[in-house]
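The values are calculated or read from the model by the stated rules, or taken from the named source; none is laboratory data. Predicted, not measured: the structure shown is a model, and the values here were computed from it. Don't worry about glycine lacking a Cβ; one is built from the backbone with ideal geometry, like all the others, and counts go over all protein chains shown. Heavy atoms of the whole protein, side chains included, go into the accessibility calculation; ligands, DNA and RNA do not. Shrake-Rupley method; radii C 1.70, N 1.55, O 1.52, S 1.80 Å.
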Amino acid sequence: MRQRNKPWADDFIAEHADLIIPAPEKHRGKWKEIFGNDHPIHLEIGTGKGQFIAGMAEQHPDINFIGMELAKSVIVTAAEKVLAKEVPNVILLNNNAKDLRDFFAENEISGIYLNFSDPWPKSRHEKRRLTYRTFLEQYEDILIEGGTLVQKTDNRGLFEYSLVSYNQYGMLLEDVSLDLHVNEDPMNVKTEYEKKFSAKGQPIYRCQVSFQS
Ligand code: SAM
């Protein structure tokens with residue numbers, strides 16, 4: 001994700017503390033209170049500029065969405081998109097997904113999305129890939145039984161790696177597409193990267209997996 005320096009990002013984040021929630025560890029196990037309802041909570045990791053999460057929130061008013069994004073300069077754009085759509089069922093976290101257990105209790109999340117995650121192609125960076133075993137362990141802890149993980153990517157290397165990682169972890173492969181846009185589902189909400197890569201004619205890979213009980 002291209003990151004331009006935005007000197008105003010810190011102020012923007014502080015001024016929108018009801019949308020970009022500070023100190024998320026304080027809300028661990030209590031996110032329903034923030035949303036003010038009992039709807040299921042879905043988490044997107046690496047939200048980027050927010051097109052997906054804002055679009056999903058609009059499409060699914062009965063689901064609450066949490067978008068986690070590490071980069072300040074990017075999360076402010078996601079926040080602007082959410083504000084423009086006036087969707088009440090989204091919050092954003094400016095945090096690193098390596099610490100998910102600090103932010104979410106067991107069984108607090110019903111669905112996880114990994115959209116166009118950084119591929120980290122060098123083998124010495126394997127542990128940074130969001131589908132590395134230690135990340136899967138965290139996802140298993142915070143997901144409800146039967147909760148799903150949906151991954152989309154243009155990167156064949158990351159996709160193949162992830163399928164092997166899911167399989168080695170004993171996860172259930174529920175659905176897989178090697179070219180998501182061939183029979184395009186009108187309900188598919190595109191991310192910024194998805195739009196960019198599919199416009200270039202690149203296939204988009206998608207899979208839906210779950211943990212076996
Ligand atoms: N999902 C968006 C899309 O499809 O357009 C953005 C994709 S971009 C390649 C990956 C994003 O994930 C970047 O904005 C990056 O800052 C964020 N990211 C990478 N590692 C992360 C982590 N450990 N925790 C939170 N965000 C992360």
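Some points to look at:
Let's see how each residue does on (1) open to solvent by 60 Å² or more (accessible area, probe 1.4 Å); (2) polar (S, T, N, Q):
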position: Ala14; (1), (2): yes, no
position: Ala17; (1), (2): no, no
position: Glu44; (1), (2): no, no
position: Gly48; (1), (2): no, no
position: Ala57; (1), (2): no, no
position: Asn64; (1), (2): no, yes
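- Residues being under 20 Å from the mean Cα position of the chain (by Cα), within 14 Å of the ligand (Cβ to nearest atom) and open to solvent by 80 Å² or more (accessible area, probe 1.4 Å) - total across region 175-213: 2
- Restricting the first member to region 175-200 and to residues that are more than 14 Å from Phe159 (Cα to Cα), and the second to residues that are within 14 Å of the ligand (Cβ to nearest atom) and among the polar types (S, T, N, Q), the beta-carbon pairs closer than 6 Å and six or more apart or on different chains are His181/Ser198; Thr191/Gln51; Thr191/Asn115; Glu192/Gln51.
- Output for region 137-172, where each listed residue is among the β-branched types (Val, Ile, Thr) and surrounded by 13 or more Cβ atoms within 10 Å (Cβ to Cβ): Ile142, Ile144, Thr148, Val150, Thr153
- If the condition is being of a type in the set (Ser, Thr, Tyr), more than 16 Å from Thr131 (Cβ to Cβ) and touching a strand residue (DSSP E or B) at 6+ places or on another chain (Cβ under 8 Å), then region 166-213 contributes Ser177, Thr191, Tyr193, Ser213.
- Filtered residues of region 78-96 (kept if free of Cβ contacts under 8 Å to residues at least 60 places away in the same chain and near the ligand (Cβ under 10 Å from one of its atoms)): Ala78, Asn96
- From the list Ser117, Ser110, the lone residue that is open to solvent by less than 30 Å² (accessible area, probe 1.4 Å) and in contact with a helix residue (DSSP H, G or I) (Cβ under 8 Å, 6 or more places away or on another chain) is Ser117.
- Filter result for the condition that a residue is within 15 Å of the ligand (Cβ to nearest atom), β-branched (Val, Ile, Thr) and either out of contact with any helix residue (DSSP H, G or I) (no Cβ under 7 Å at 6 or more places or on another chain) or free of Cβ contacts under 8 Å to residues at least 40 places away in the same chain (or both), over Ile53, Ile13, Ile63, Ile45: Ile53
- Number of positions in region 97-119 that are assigned to a strand (DSSP E or B) and more than 13 Å from the ligand (Cβ to nearest atom): 3
- Residues in region 120-136 that are surrounded by 20 or more Cβ atoms within 10 Å (Cβ to Cβ), touching a helix residue (DSSP H, G or I) at 6+ places or on another chain (Cβ under 6 Å) and not in a helix (DSSP H, G or I): Thr131 alone.
- Considering the conditions (1) touching an Asp or Glu at 6+ places or on another chain (Cβ under 7 Å); (2) free of Cβ contacts under 8 Å to residues at least 40 places away in the same chain; (3) of a type in the set (D, E, K, R), Asp102 is excluded by exactly one of them, (2).
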